[in-house]
Amino acid sequence: MACIFLLTTKEELIIYFQNPNQKRPDRPVELVNDNIRFPEVLVIGPEGEQLGVMKTRAAIILATEQYGLDLFCVNPGGKPPVCKMINYSKHRFETQKRDREQRKRQKTAELKEIRMSPVIDTHDLETKSRKAIEFLTDGDKVKVSVRFRGRQMAHIEVGEEALKQFLAMVEDHCVIEKKPALDGRFLTVVLASKVKK
């Protein structure tokens with residue numbers, strides 16, 4: 001551990017301890033203009049024409065002075081690496097905009113849970129099935145749990161019957177992703193939506 005001493009006034013001595021193993025996370029560096037460290041690159045002009053292999057410094061000067069553009073490395077793994085003359089700030093803006101649009105369109109399916117008792121009333125079963133259909137039409141997955149309390153564990157078949165009735169009500173809107181299984185005091189089944197997001 002390194003130690004740094006700072007003397008702010010005659011009386012005050014501040015000691016900072018610095019851990020040499022602790023580094024800040026490196027931010028990804030875009031290979032543009034002076035960040036390009038290759039000695040030679042294959043240069044592509046602003047209209048897509050090949051300008052040939054050049055020294056990197058000469059290619060940067062050509063891009064900035066003659067075309068008023070930036071030199072951006074599009075293929076650092078090539079032999080030699082391929083760089084293109086582009087307006088980098090415009091390119092970065094369009095890339096960020098495209099990423100935002102993709103994230104907006106991409107919706108992950110959530111897992112919603114519906115719990116019920118093995119001695120559920122028919123009306124309550126219909127209400128819960130309507131809610132499950134609502135979740136499934138939104139494209140979400142639904143986990144249906146039948147909870148057994150106390151002596152109800154001796155009559156699991158009652159809960160299985162209630163679950164069969166529930167599945168019959170929602171069968172047009174879902175596919176069974178995980179078959180009914182007893183997990184402790186819960187009889188659970190996972191339903192996936194037929195609607196693709």
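A straight Cα-to-Cα reach below 20 Å connects Lys84 with the aspartates and glutamates Glu30, Asp34, Glu40, Glu47, Glu49, Glu65, Asp70, Glu94, residues fewer than 8 places away in its own chain not being considered. Label positions at Glu94 and Lys194, each projected 7 Å from the Cα along the C-beta direction, are separated by 4.2 nm. For the peptides 125-134, 43-52, the ranking by mean Cβ contacts within 10 Å, running from highest to lowest, is 125-134, 43-52.
Taking 25 Å as the limit for the C-alpha separation, the pairs Lys104/Lys128; Lys97/Lys143; Lys141/Lys164 exceed it in the case of Lys104/Lys128; Lys97/Lys143.
Here, each number is a calculation from the coordinates, and none is a lab measurement. All values reported here derive from a predicted model rather than from experimental measurement. Because the Cβ atoms are built from the backbone with ideal geometry, glycine has one as well, and the counts that use them run over all protein chains shown.
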